[in-house]
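A.B. asks: To start, I am sharing the structure in question, which I have written as structure tokens.
Values quoted throughout were computed directly from the atomic coordinates according to the rules given, and no laboratory measurement underlies them. These numbers come from a predicted model, not from an experiment. Backbone-built Cβ (ideal geometry, glycine too); neighbour counts: all protein chains shown.
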Amino acid sequence: MIKKIGILTGGGDSSAINAAIRAIYIRASQFGWKVVGIKNGWDGLVKGNVMELNRDSVTGIIAEGGTIVGTSRTNPFKIENGVEKVKENIKKFELDAIITIGGDDTNGVITKLTRYGIKGVGIPQTIDNDIAHSDYAIGCDTAVEVVTECLDRLHTTAHSHSRIMIVEIMGRDAGWLALNGGVAGGADVILIPEVPFSYDEIIKVIEERKKRGRDFTVIAVAEGAKPEGEEGQITASCTVDNFGHVQLGGVGNVIARELEKRTGYGTRVVILGHLQRGGKPTAFDRIVATRLGIKAVEMIRDGKFSEMAVMENGSVNSVPLEKAINEEKPLDRELYELSKLLY
């Protein structure tokens, strides 16, 4: 019998996590369960740092960005006796199941921990929106709105100064955010990790726009994009996190230098960075987070552990965690090809 569950948010934050936490608490309370917030991701279960949630804890948080329980990129499998500490604290706090809200790293940990007898379900939360079988991860819609607004604003200054404006957008291995934000924000060139780019093609667009009297160009580039013929992505730091990721960043500056060298045109770079994660969530994001949060609680009620709550083809369902984590989510190639016609 379920009496108490834990909520854990890990990895990079986004704007609608709290909406999911609120929905989880409310639905779990209707079943008579207690709900514990595990502080700062997996770090909280390694160190035994938790907070019991109540109705006051979740009142009004649907409109707040970030996560009231905190987050981190802690990986218990990279910590000495980390898994044993997690198991001990789950027993100590009498947690019958855990809901993990995050991307493939956070949900990858619970996927492995289920092999140790730990009961858990996952919820996709990543502005990259790269979780398989999930149309929308929590936070992605708000991030697209931020990117779109920034591109709208940058168009005016690019036009005023007749410049090439390069906007660096988050997206390590997936170009969903750059592609959708770029199309909505009227970017003239969109560069994504899935398709290596050609400087000659970029310059061709710039020159063709100039022939039409458009002396400026706005380029949207995902941080993980790379030129044709190059293997590695451009990094901001050589430091590797607990999940084996280096910090990306700087591709916008690399492109700017190359374009200025080849064309002589004035070029500026804007790195959106963590602006894409913050602020009030959109209405759509709040609804997605609420529906997935409720679904996760109902999955626990029904004993559907080791699964992830997803919105797929417009319906809220669940899929095995292994499937969601290990399969790749294909990019919308039709939208990408369409984007190349819109300069």
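A.B. asks: Using label points projected 7 Å from each Cα along Cα→Cβ, tell me how many nm separate ASP96 and GLU334, to one decimal.
C.D. replies: Taking the two extended label points, one gets 4.5 nm.
A.B. asks: A further question follows. Which angle between 0 and 90 degrees, to the nearest 10, do you get for helix 82-92 versus the longest principal axis of the chain when only C-alpha atoms count?
C.D. replies: 50
A.B. asks: Another one. Going toward the positive end of the dipole of the chain, with +1 on Lys and Arg Cβ and -1 on Asp and Glu Cβ, which of LEU292, ILE90, ALA19 do you reach last?
C.D. replies: ILE90
A.B. asks: Provide the per-residue ³J(HN,Hα) series for segment 64-72, in order, calculated from phi with Karplus coefficients 6.51, -1.76, 1.60 and θ = phi - 60°, each as a whole number of Hz, with x at glycine and proline positions.
C.D. replies: After applying 6.51 cos²θ - 1.76 cosθ + 1.60, I find 9, x, x, 9, 5, 9, x, 8, 6 Hz.
A.B. asks: On C-alpha positions alone, give me the angle between the axis of helix 251-263 and the longest principal axis of the chain, in degrees, nearest 10.
C.D. replies: Its long axis makes an angle of about 10 degrees.
A.B. asks: Can you figure out the FRET efficiency of GLU88 with GLU322, using R₀ = 30 Å and their beta-carbon distance, to the nearest 0.05?
C.D. replies: Computed FRET efficiency for GLU88 and GLU322 comes out at 0.75.
A.B. asks: Nearest 5 percent is fine: what portion of the DSSP beta bridges confined to segment 1-73 is antiparallel?
C.D. replies: Looking only at bridges with both residues in segment 1-73, the antiparallel portion is about 40 percent.
A.B. asks: Same structure again: Quick one: which residues, 5 or more positions from MET308 or on another chain, have an amide H under 5 Å from its amide H? H modelled 1.01 Å from N in the peptide plane, none for Pro or chain starts.
C.D. replies: Under 5 Å from the amide H of MET308 lie the amide H atoms of GLY122, VAL319, LEU321, each far enough along the sequence or on another chain.
A.B. asks: Which distance in Å, rounded to a whole number, links the C-alpha centroids of segment 153-232 and segment 1-72?
C.D. replies: The two parts, judged by their Cα centres, are 38 Å apart.
A.B. asks: List the residues whose amide H sits under 5 Å from the amide H of ILE166, counting only those 5 or more places along or on another chain, with H placed 1.01 Å from N in the peptide plane.
C.D. replies: Under 5 Å from the amide H of ILE166 lie the amide H atoms of ILE219, ARG268, VAL269, VAL270, each far enough along the sequence or on another chain.
A.B. asks: As a test, work out the antiparallel percent of DSSP beta bridges whose residues both lie in segment 141-277, rounded to the nearest 5.
C.D. replies: Details: 3 of 18 bridges.
So the antiparallel bridges amount to about 15 percent of the total.
A.B. asks: What list do you get for CYS140, CYS150 if you sort them by fewest beta carbons within 10 Å?
C.D. replies: CYS150, CYS140
A.B. asks: Next question, about the same structure. Mind checking segment 301-343 for GluC sites (Glu not before Pro) that DSSP puts in a loop (not H, G, I, E or B) and that have at most 13 other Cβ atoms within 10 Å?
C.D. replies: GLU327, GLU328
A.B. asks: Additional query: Mind listing the phi-derived Karplus ³J(HN,Hα) values for segment 19-33, rounded to whole Hz, using 6.51, -1.76 and 1.60 with θ = phi - 60°, and x for any glycine or proline?
C.D. replies: With the stated coefficients, segment 19-33 comes to 4, 5, 4, 4, 5, 4, 4, 4, 5, 5, 5, 5, 8, x, 8 Hz.
A.B. asks: Mind checking the angle between helix 199-211 and the chain's longest principal axis? C-alpha axes, 0 to 90 degrees, to the nearest 10.
C.D. replies: Orientation of helix 199-211: about 60 degrees from the principal axis.
A.B. asks: Then there's this: What size of dipole, in debye to the nearest 20, comes out for the chain about its Cα centre when the only charges are +1 on Lys and Arg C-beta atoms and -1 on Asp and Glu C-beta atoms?
C.D. replies: On the way: 42 positive and 46 negative charges, 198 e Å.
Computed charge dipole of the chain: roughly 960 debye.
A.B. asks: Another one. May I ask for the distance between the Cα centers of segment 292-343 and segment 79-97, given as a whole number of Å?
C.D. replies: 28
A.B. asks: How large is ³J(HN,Hα), in whole Hz, for each residue of segment 329-343 in order, when computed from phi with the Karplus curve 6.51 cos²θ - 1.76 cosθ + 1.60 and θ = phi - 60°, using x for Gly and Pro?
C.D. replies: These are the phi-based 3J(HN,Hα) values: 8, x, 6, 6, 5, 5, 5, 4, 5, 5, 4, 6, 9, 9, 8 Hz.
A.B. asks: Please identify every one of the chymotrypsin sites (Phe, Trp or Tyr not before Pro) in segment 1-50 that sits in a loop by DSSP and has no more than 13 other beta carbons within 10 Å of its own beta carbon.
C.D. replies: PHE31
A.B. asks: Follow-up. With both partners inside the chain, how many of the DSSP beta bridges are antiparallel, as a percent to the nearest 5? If you can, show how the numbers build up before the last one.
C.D. replies: Details: 12 of 45 bridges.
Here the antiparallel bridges make up roughly 25 percent for the chain.
A.B. asks: Rounded, prolate or oblate: pick one for segment 1-91, where a ≥ b ≥ c are the square roots of the eigenvalues of its C-alpha gyration tensor, a/c under 1.5 means rounded, and failing that, prolate if a/b is larger than b/c, else oblate.
C.D. replies: Because a/c hits 1.5 or more and a/b fails to exceed b/c, segment 1-91 counts as oblate.
A.B. asks: Once you charge only the Cβ atoms, +1 for Lys and Arg and -1 for Asp and Glu, what is the size of the charge dipole of segment 148-234 about its Cα centre, to the nearest 20 debye? Please list the in-between numbers first.
C.D. replies: Details: 10 positive and 15 negative charges, 101 e Å.
I would put it at about 480 debye.
A.B. asks: In nm, what is the difference between 0.36 nm times the number of residues separating PHE284 and THR156 and their Cα-Cα distance?
C.D. replies: Details: separation 128, 0.36 × 128 = 46.08 nm, distance 2.80 nm.
Residue separation times 0.36 nm, minus the Cα-Cα distance, leaves 43.3 nm.
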